[in-house]
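S.K.: Shown below is the structure under consideration.
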Amino acid sequence: MRIGIYGGTFDPPHIGHMEAARTTMEALGLDQLLLIPAALPPHKQLPPRAASAEERLTMTALMADGLGLRTGRGNVVKADGMELARAGKSYTSDTLRQLHEQIPDGEFWLLMGADMLFTLPSWHESEVIAKLAGIAAFARSKSDTGTVLEEQARRLRADFGANVQVITLPKVIDLSSTHLRTLLQDGGGADLLWPPVYGYILMHGLYDTHADLTRLTDEQLRACSWSMIYAKRIPHVKGTEEEAVRLAKRWGADPELARRAGILHDCTKYFTLDEQLKLCDKYGIVLDDLEKKAVKLLHSKTGAEIARHVFGVCDEIHDAIYWHTTGKANMTTLEKVLYLADYIEPSRSDFEGLARLRKLSYEDLDAALLLGCELTIRDMEERGMPVHINTMRARDWLKGQSR
Ligand SMILES: [Fe+2]
Ligand SMILES: [Fe+2]
């Protein structure tokens with residue numbers, strides 16, 4: 001098994017890291033890639049709102065998840081906090097020893113930028129490092145030409161017996177974390193970060209961003225919402241946003257409210273039952289018996305409260321999110337739009353009735369909603385699961401109307 005190891009302070013992890021990692025994964029045919037944030041020396045002077053070790057690890061995990069999505073290989077990229085957990089200085093030789101112990105049949109490759117390749121001989125136990133792992137070095141700036149790197153690689157092969165491979169990146173992103181932190185402080189930097197990492201920075205006020213979460217742009221709101229979910233759900237959330245805007249335009253609801261409802265509708269989808277229940281307690285959400293047991297039903301309620309209390313959305317958006325899973329009697333147009341957008345968005349995998357539901361959604365809104373409720377009820381019954389009372393009420397209300 002070929003395992004790549006990519007260390008760094010990841011303060012914050014950015015698209016330069018992401019591109020280098022992606023290209024190296026492909027070039028070396030890695031089976032797995034571990035992103036390992038380094039512990040910062042305790043004496044290092046940190047800026048006032050620096051990221052903590054835990055925050056750097058979380059941001060790295062968000063980027064790892066994104067890399068999994070980008071490469072279409074879900075769980076092969078992971079963030080690992082082993083250096084943060086270890087007491088004392090982060091020595092790469094120790095990390096490699098530990099990994100060899102954990103995965104005895106692993107073939108390890110250390111990913112590094114050109115600047116690191118030039119300093120490698122002075123690293124602690126560099127000869128041990130060269131024995132325990134191959135070195136994959138990539139150009140980090142326009143001045144790192146292939147020839148200079150190749151020369152250094154040759155030297156390391158001769159002096160250390162190191163197994164060095166030079167990786168040519170198709171696009172060199174010359175970006176320093178220090179510069180990026182300054183950009184973030186000045187309100188920029190979004191285009192240099194994987195959106196969920198950017199959202200995490202905004203939500204936690206890292207690097208003196210001071211964003212007012214109730215006045216975010218669509219791009220920023222999207223980033224925040226995506227920072228709370230797994231990357232595999234992003235296509236669905238993006239699809240729901242776009243479908244909701246289209247349906248709103250078709251049926252006369254406010255497209256911008258629909259957009260924001262779509263962006264936020266599943267933001268608490270992956271919170272644990274415990275986290276969901278804590279939010280219910282915090283925001284005074286009263287649960288019925290079915291909701292207490294079916295965690296799937298809770299995310300619409302907790303998501304609506306996060307949308308309201310954290311992101312300051314209006315009641316219409318709150319209510320659309322609140323009812324997007326079960327529906328109810330007397331739904332507003334915006335509520336209907338979000339319910340259906342969630343059901344028919346383009347990335348939904350096919351199910352019986354989907355094509356008809358998609359067509360009907362643009363021909364007759366209430367008929368589509370009724371079909372949506374009926375499909376849900378039938379599906380739940382077939383799986384022997386209880387149907388929520390509000391879905392029944394929505395169906396009966398729509399049936400009464402169509403009579
Ligand atoms: Fe949902
Ligand atoms: Fe959804």
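S.K.: If the Cβ limit is 8 Å and pairs must be 6+ apart or interchain, which residue in region 262-279 that is over 15 Å from residue 240 (Cβ atoms) pairs with which residue that is away from ligand 2 (no atom under 11 Å from the Cβ) and open to solvent by 70 Å² or more (accessible area, probe 1.4 Å)?
M.R.: Note: pairs meeting the criteria are 270/230.
S.K.: While we're on this one: Can you say whether residue 60 is in contact with a strand residue (DSSP E or B) (Cβ under 7 Å, 6 or more places away or on another chain), among the hydroxyl-bearing types (Ser, Thr, Tyr), surrounded by 17 or more Cβ atoms within 10 Å (Cβ to Cβ) and under 15 Å from residue 19 (Cα atoms), as far as the supplied structure shows?
M.R.: yes
S.K.: From 164, 128, which residue is crowded, with 20+ Cβ neighbours inside 10 Å and more than 25 Å from residue 56 (Cβ to Cβ)?
M.R.: Step by step, each of 164, 128 is checked, and only 164 is crowded, with 20+ Cβ neighbours inside 10 Å and more than 25 Å from residue 56 (Cβ to Cβ).
S.K.: I've got another one for you. (1) away from ligand 2 (no atom under 13 Å from the Cβ); (2) crowded, with 16+ Cβ neighbours inside 10 Å: which one isn't true of residue 275, the others all being true?
M.R.: (2)
S.K.: Spot the failing condition for residue 323; the list is (1) more than 16 Å from ligand 2 (Cβ to nearest atom); (2) open to solvent by 40 Å² or more (accessible area, probe 1.4 Å), and only one is missed.
M.R.: Looking at each condition in turn, residue 323 falls short on (1).
S.K.: Could you check region 247-261 and list, in sequence order, the residues that are in contact (Cβ under 8 Å) with a residue 12 or more places away in the chain and away from ligand 2 (no atom under 13 Å from the Cβ)?
M.R.: Once the filter is applied, which keeps residues that are in contact (Cβ under 8 Å) with a residue 12 or more places away in the chain and away from ligand 2 (no atom under 13 Å from the Cβ), region 247-261 yields 247, 248, 250, 251, 252, 253, 254, 257, 258, 259, 260.
S.K.: While we're looking at this one, here's another question. Please enumerate the residues belonging to region 91-101 that are over 15 Å from residue 4 (Cβ atoms) and surrounded by fewer than 17 Cβ atoms within 10 Å (Cβ to Cβ).
M.R.: Correct list: 97, 98, 101.
S.K.: Taking region 326-339, which residues are hydroxyl-bearing (Ser, Thr, Tyr) and either open to solvent by 20 Å² or more (accessible area, probe 1.4 Å) or under 16 Å from residue 251 (Cα atoms) (or both)?
M.R.: Of everything in region 326-339, those that are hydroxyl-bearing (Ser, Thr, Tyr) and either open to solvent by 20 Å² or more (accessible area, probe 1.4 Å) or under 16 Å from residue 251 (Cα atoms) (or both) turn out to be 332, 333, 339.
S.K.: Where the second residue is at pLDDT below 95 and open to solvent by 30 Å² or more (accessible area, probe 1.4 Å) and the first is within 16 Å of residue 400 (Cα to Cα) and lies in region 370-385, which pairs have Cβ atoms under 8 Å and are six or more apart or on separate chains?
M.R.: Here the result reads 370/399; 370/402, each pair linking region 370-385 to a residue that is at pLDDT below 95 and open to solvent by 30 Å² or more (accessible area, probe 1.4 Å).
S.K.: Ok, one more. Being among the charged types (D, E, K, R), over 18 Å from the mean Cα position of the chain (by Cα) and within 16 Å of ligand 2 (Cβ to nearest atom), is that true of even one residue in region 285-299?
M.R.: yes
S.K.: Check whether at least one residue in region 306-314 is crowded, with 24+ Cβ neighbours inside 10 Å and within 15 Å of ligand 1 (Cβ to nearest atom), and report yes or no.
M.R.: yes
S.K.: Next question. Taking region 229-272, which residues are in a loop (DSSP other than H, G, I, E, B), surrounded by fewer than 16 Cβ atoms within 10 Å (Cβ to Cβ) and over 18 Å from the mean Cα position of the chain (by Cα)?
M.R.: Within region 229-272, 252 is the sole residue that qualifies.
S.K.: Please work out if residue 65 is at pLDDT 90 or above, outside any helix (DSSP H, G or I) and either surrounded by fewer than 21 Cβ atoms within 10 Å (Cβ to Cβ) or out of contact with any Asp or Glu (no Cβ under 6 Å at 6 or more places or on another chain) (or both).
M.R.: Taking the combined requirement at face value, the residue does not satisfy it.
S.K.: Turning to a different aspect of this structure: For the condition more than 19 Å from residue 260 (Cα to Cα) and within 16 Å of ligand 1 (Cβ to nearest atom), what is the one hit in 238, 232?
M.R.: Unique residue meeting the criteria: 232.
S.K.: With respect to the numbered conditions (1) on the phi > 0 side of the Ramachandran plot; (2) within 14 Å of ligand 1 (Cβ to nearest atom), which one is the sole condition not fulfilled by residue 210?
M.R.: So the condition that residue 210 fails would be (2).
S.K.: In region 275-355, which helices (runs of 4 or more DSSP H) lie fully inside it and hold 2 or more residues that are at pLDDT below 95 and of a type in the set (Asp, Glu)?
M.R.: Of the helices (runs of 4 or more DSSP H) lying wholly inside region 275-355, those with at least 2 residues that are at pLDDT below 95 and of a type in the set (Asp, Glu) span 289-293.
S.K.: Still on this structure, I have one more. Any idea how many residues of region 291-305 are farther than 25 Å from residue 203 by Cβ and open to solvent by 40 Å² or more (accessible area, probe 1.4 Å)?
M.R.: 2
The values are calculated or read from the model by the stated rules, or taken from the named source; none is laboratory data. Being a predicted model, the structure only gives us computed values, none of them experimental. Here the Cβ is made from the backbone with ideal geometry for all residues, glycine too, and neighbour counts use every protein chain on show. Each accessible area value is taken on the protein alone, full model and side chains, heavy atoms only, with ligands, DNA and RNA left out. Shrake-Rupley method; radii C 1.70, N 1.55, O 1.52, S 1.80 Å.
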